[in-house]
Each structure stands twice: as C-alpha cells, then as structure tokens.
1. Would segment 104-125 turn up any residue that is modelled with pLDDT under 70, under 15 Å from the mean Cα position of the chain (by Cα) and closer than 29 Å to Tyr57 by Cβ?
2. What are the pairs with Cβ atoms under 8 angstrom where one residue, in segment 76-92, is under 21 Å from Glu28 (Cβ atoms) and assigned by TED's automatic domain parsing to the domain that holds Cys52 and the other, located anywhere, is small (Gly, Ala, Ser) and assigned to a helix (DSSP H, G or I)? Sequence gap at least six, or different chains.
3. Within segment 69-103, how many residues turn out to be hydroxyl-bearing (Ser, Thr, Tyr) and at pLDDT 85 or above?
4. Starting from segment 179-191, take each residue that is under 10 Å from Phe133 (Cα atoms) and list its partners that are outside any helix (DSSP H, G or I), counting only C-beta distances under 9 angstrom and pairs at least six apart or across chains.
5. Taking the stated definitions as given, is Ile172 surrounded by 13 or more Cβ atoms within 10 Å (Cβ to Cβ), outside the structural domain of Thr55 (by TED's automatic domain parsing) and at pLDDT 90 or above?
6. Can you tell me which of (1) at negative phi; (2) surrounded by fewer than 18 Cβ atoms within 10 Å (Cβ to Cβ); (3) at pLDDT 75 or above is the one Arg44 doesn't meet?
Amino acid sequence: MKRFTDMDDNEIICLYFNRDEKAVTETENKYGAFIFYVCFGILRQRQDSEECVNTVYKKLWDCIPPEKPDDLKAFIARLARTTAIDQKRTDGRYKRGKGLTDALDDYADILSDGDSVTDEVFANELAAILNEFLRSLPEKERVCFVQRYYFNRTVPEIVRQTHIPRSTVYMILEKVKTELYEKLSKEGYLS
C-alpha cells in the first residue's frame with residue numbers, strides 16, 4: 001500500500017536540519033517508490049535495490065545538513081543514482097561494455113574526477129551547459145533522453161512508459177546525442 005505525506009520538501013529538509021528522525025520516515029513516504037525506481041533502473045535486482053534504498057536514506061541523513069538542497073527530489077535522484085552505481089561497482093559486476101550501459105561514455109573524458117577548485121568550476125560550467133541544453137529540448141525528447149541516459153532505462157521500458165513507438169525513441173535518442181555532441185563541441189568541451 002502506498003503511503004503519502006502532506007509535508008512539502010522544505011518541511012522535510014527542516015526535519016533533517018533539526019535532526020528529527022521523522023525526516024527519514026517522511027522522505028520514505030513521499031519518495032520511497034521513486035528512490036527504488038532509480039536504484040532498480042541501474043541495479044536490475046530487487047534485493048540489491050532495496051539495500052541501496054536504505055543506503056540512500058542513511059546518506060540523506062548524513063548530508064542534510066550541511067547540504068541544503070534547492071530541489072529535494074533532484075538531490076535524492078542524484079544521490080540514489082550515484083549510490084546505485086557505486087554499489088554496482090563495489091559488487092564487482094561493473095564491467096566496461098557489459099554492466100551498466102552508459103552511452104555517454106564518449107563524454108567521460110571531459111567529466112572531472114578531481115577535487116581541485118579548477119575541476120569543480122569546470123564541472124559546474126559543464127553542468128550548466130547540460131542543464132541549458134536539456135531545458136531547450138521539447139518535452140518528449142527530454143523525457144526519452146533523461147530516462148535513457150540518467151535513469152538507465154532500456155528502450156522497451158521507455159516505450160512502455162511514454163507510449164512512443166520504438167523506432168521513434170531510437171531516432172530521438174540519436175538526434176539528441178548528435179545535438180549534444182555539437183553543443184559540447186561548440187562550447188569547446190570536445191575537439
């Protein structure tokens with residue numbers, strides 16, 4: 001049975017800042033299914049995804065505070081995604097070309113792994129460009145692209161969710177990847 005909360009995101013964030021354990025319960029009520037959805041999209045196993053969800057709650061508790069997210073759902077999505085990817089790597093199932101499908105590997109060399117200020121500025125600039133690019137896309141294209149490359153959904157899953165024909169989804173993904181490549185080249189991120 002689905003549980004819902006009447007609390008808005010700012011109230012939930014305040015609970016975290018007050019170190020009130022009700023924050024985790026309210027997060028679970030409002031975003032539990034969403035967190036599982038994100039984790040399952042990467043891990044593809046129910047038990048691993050459930051463990052990952054629990055890890056996400058722990059990480060939320062640990063990072064809020066000092067973090068104060070502007071958009072709690074986006075913050076949770078990013079945390080769930082990185083936690084699931086980390087779990088997949090830790091479990092030893094991550095193999096290039098087989099495990100986690102990430103067709104944006106073409107752009108991996110431009111993404112920062114370092115902790116330097118320069119790397120952080122670079123990553124923030126790149127994130128701003130990607131966000132601007134995504135906002136410029138028509139909704140159908142943005143949904144297909146984000147589902148495929150952020151939430152790691154398969155094309156058949158995208159077809160079931162969006163009711164867009166399979167060939168159209170493939171065409172959209174290729175078109176958007178080409179546009180993103182051109183945008184990143186124009187901005188000087190690719191040569």
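The values are calculated or read from the model by the stated rules, or taken from the named source; none is laboratory data. A quick note: this is a predicted structure, and the numbers were derived from the prediction, not measured. Virtual Cβ from ideal backbone geometry, glycine too; neighbours counted across all protein chains shown.
1. Yes, the conditions are met somewhere in segment 104-125.
2. Pairs that qualify, where the first residue is under 21 Å from Glu28 (Cβ atoms) and assigned by TED's automatic domain parsing to the domain that holds Cys52 and the partner is small (Gly, Ala, Ser) and assigned to a helix (DSSP H, G or I), are Ala84/Gly41; Ala84/Ser49.
3. Of the residues in segment 69-103, the ones hydroxyl-bearing (Ser, Thr, Tyr) are 82-83, 90, 94, 101.
Next, only the ones that are at pLDDT 85 or above stay: 82-83.
Of the residues in that region, 2 qualify.
4. Glu179/Leu137; Lys183/Tyr189; Leu184/Leu190
5. Numbers: surrounded by 13 or more Cβ atoms within 10 Å (Cβ to Cβ): yes; outside the structural domain of Thr55 (by TED's automatic domain parsing): yes; at pLDDT 90 or above: yes.
When the stated conditions are applied, Ile172 passes them.
6. (1)
Yes or no, residue by residue, for (1) more than 18 Å from Thr83 (Cβ to Cβ); (2) at pLDDT 95 or above; (3) in contact with a Ser or Thr (Cβ under 9 Å, 6 or more places away or on another chain); (4) not in a helix (DSSP H, G or I):
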position	(1), (2), (3), (4)
Met1	yes, no, no, yes
Asp6	yes, no, no, yes
Ile12	yes, no, yes, no
Ala23	no, no, no, no
Asn29	yes, no, yes, no
Ala33	no, no, no, no
Asp48	no, no, no, no
Asn54	no, no, no, no
Lys58	no, no, no, no
